[in-house]
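Only the coordinates and a few stated rules stand behind these numbers; no lab work does. Values in this document were obtained by computation on a predicted structure and should not be read as measured data. Every residue, glycine among them, receives a Cβ derived from its backbone with ideal geometry; neighbour counts consider all protein chains shown.
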Amino acid sequence: MTTLQRIQPEKGCFFPPFKVDFTRSIPIHRQLYDWYQAAVADGRLRPGQRVPSTRSLAAELGVSRAPVLAAFEQLLAEGYFEAIIGAGTRISDTIPEMPAAPVADRSRSRPAKAGARSGSKFAAGLTAGNGPWWNNEGIFRANLPALDHFPARTWASLLSRHASRTTNSMMAYGDVMGHLPLREAIARYLGAARAVCCKASQIMIVSGSQHGLQITARALLDAGDQVWMEEPGYPGAHAAFAMAGARMAPVPVDQAGMKIEHGVAHFPEARLAYVTPSHHYPLGTGMSAARRMQLLSWAARRGAWIVEDDYDSEYRFGAHPMPALQGLDTDERVIYLGTFSKVMFPGIRLGYIIIPEDLIPSFRAVREATDIFAPPLAQAALADFIAEGHFSRHLRKMRTLYMRRRAALAEAMHRRVGDSFRIIGIDAGMHLTGFLPEQADDVHIANRAGAMGVSAIPLSTCYLAESSPGLILGYGNASETQIERGTALLAGVIEAAGGSR
Ligand SMILES: Cc1ncc(COP(=O)(O)O)c(C=O)c1O
């Protein structure tokens with residue numbers, strides 16, 4: 001098969017950003033030829049890409065067809081274009097006298113551009129997305145649910161139900177707070193399953209909880225405001241609060257959750273506390289009732305806000321349900337964040353913020369200044385997915401599956417690595433975290449494991465101050481066979497790095 005046959009002609013074609021210069025002595029056909037020749041040579045136009053018909057291009061340029069025909073004939077004769085019967089004219093894949101490298105590669109050989117070209121120091125300090133542990137294909141990639149167990153056909157039929165009845169309200173600007181039927185479905189679900197107390201009017205639909213964190217930080221904080229962060233804690237939250245210019249105050253976490261007394265003693269000026277009380281990220285513990293009451297009463301006394309990130313607590317395996325902190329809050333100090341990344345799939349990019357009523361105007365103002373509102377199609381399909389019972393059925397099935405995977409992972413790590421992987425919380429969620437011996441270098445171990453197709457997040461990347469080594473292993477998307485293979489590889493890496501007994 002020739003390359004020519006392999007390249008599929010693209011269906012769409014675009015008019016070039018080219019304007020005939022009638023003041024120049026260069027003939028029109030030559031100007032057009034030069035433009036296309038340069039665009040093909042520097043990679044702006046790619047092999048297989050269609051070009052407009054001579055008739056439509058002539059009309060667009062406001063010239064007669066003759067010069068366009070002349071330019072095209074020359075480009076065809078020299079092999080820049082090729083004519084495909086029944087499919088118009090397209091850029092040839094056998095381009096004469098041009099380097100074969102794509103644009104990005106060739107830009108390296110261009111002369112250096114004058115002047116400073118660096119991004120902000122702030123952006124350089126953001127490390128999210130670095131490291132082999134973000135490889136979606138790696139075993140134990142954290143934050144991924146069991147993708148192949150998702151009822152994809154049901155979801156596709158709900159999407160197509162709404163896509164095929166696209167109305168003006170689906171296509172025009174939507175409600176800043178989100179699609180009302182979805183907000184109503186979420187309010188009903190959270191009241192029943194998470195003891196959250198809210199009205200649909202308090203719910204803002206966002207693009208996942210990372211977006212919710214951004215909006216919350218902007219709506220509540222001014223640059224320089226101090227924020228209590230769990231230590232260790234969620235790097236996504238570190239980044240979101242840093243984007244708002246907050247001063248991060250690391251408050252240690254133990255088996256009972258954030259040590260409120262430490263926060264009060266060391267960081268008394270804080271305006272906000274970020275917590276994951278139902279399933280601490282990354283350690284996996286739950287916040288005790290006593291700490292919850294301490295936190296709520298601190299916030300009420302101080303006039304501070306609490307951001308509760310309830311990212312995966314639908315999956316609890318222990319005997320004790322862990323209701324949301326928001327439901328205990330009588331002073332409306334808690335801003336509750338939820339996401340569909342774990343209970344559906346991350347690509348859906350839908351989450352929500354539950355906002356105390358008097359703060360809604362601030363949140364709306366920030367939202368209007370960012371992305372205005374979330375795309376309605378997936379929201380409408382999700383509202384039906386919840387209302388028609390698919391969501392609760394999926395949750396029940398996944399709870400059983402994750403319980404099995406969790407037990408398999410804990411057992412395999414214990415068998416292969418022993419006490420050198422000391423697991424803390426075990427009752428909930430889709431990831432499992434264990435401490436490594438003090439001398440272990442978890443970043444080195446995670447890098448080595450990454451090279452073998454195992455995505456283990458180094459625990460030390462979750463600390464703002466002094467860190468302890470460990471690994472965060474996601475089991476949501478890991479089959480039991482993968483768990484066996486992944487733990488065998490990981491045990492070898494840990495041992496080789498001197499991190500096991
Ligand atoms: C603590 C925590 N919050 C939130 C999220 C979810 O983020 P998103 O909804 O942006 O996908 C995660 C994902 O792993 C998380 O670990």
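Ranked highest first by average number of other Cβ atoms within 10 Å, how do 454-460, 169-175, 88-94 line up? Can you show the working numbers first?
Values: 454-460: 25.3, 169-175: 12.4, 88-94: 17.7.
Per-residue mean Cβ counts within 10 Å order the peptides as 454-460, 88-94, 169-175.
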Exercise. Using the 2.2 N^0.38 Å rule of thumb for compact globular proteins, work out how the range 428-501 stacks up: its C-alpha Rg over that value, please.
Key: 1.06
Quiz item: Hey, which lysines would be in cross-link range of residue 397, C-alpha to C-alpha under 24 Å, not counting anything within fewer than 8 residues on its own chain?
Solution: 342
Quiz prompt | Which of 240, 377, 355, positive extreme of dipole for the range 151-388 (C-beta unit charges) | solution = 377
Practice problem: Could you pull out every residue, at least 5 positions away or on a different chain, whose amide H is within less than 5 Å of the one on residue 352? Hs are placed 1.01 Å off N in the peptide plane, and Pro or chain starts have none. | Solution: 206, 338, 339
Practice problem: Could you name the lysines whose alpha carbon sits less than 24 Å from that of residue 121, not counting residues in the same chain fewer than 8 places away? | Solution: 113
Quiz item: So, with +1 on the Cβ of K and R and -1 on the Cβ of D and E, and no other charges, what is the size of the charge dipole of the range 257-316 about its Cα centre, to the nearest 20 debye?
Solution: 300 debye
Self-check item: Cβ-derived FRET efficiency at R0 25 Å, residue 377 paired with residue 397, nearest 0.05
Solution: 0.50
Exercise. Determine which aspartates and glutamates satisfy two conditions relative to residue 19: a Cα distance under 17 Å, and not lying fewer than 8 residues away in the same chain.
Key: 34, 60
Practice problem: Nearest 5 is fine: what % of DSSP beta bridges in the chain come out antiparallel, could you say? | Solution: 60 percent
Self-check item: Per-residue ³J(HN,Hα) for the range 468-479, Karplus 6.51 cos²θ - 1.76 cosθ + 1.60, θ = phi - 60°, Hz, x for Gly and Pro
Solution: 10, x, x, 9, 10, 10, x, 10, x, 9, 10, 5
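In a shell of Cβ-Cβ distance under 12 Å around residue 411, excluding residue 411 itself, what net charge do Lys and Arg (+1) and Asp and Glu (-1) give? Intermediate values should be presented prior to the final figure.
Details: positive: 404, 405, 406, 415, 416; negative: 480, 484.
Residues close to residue 411 contribute a combined charge of +3.
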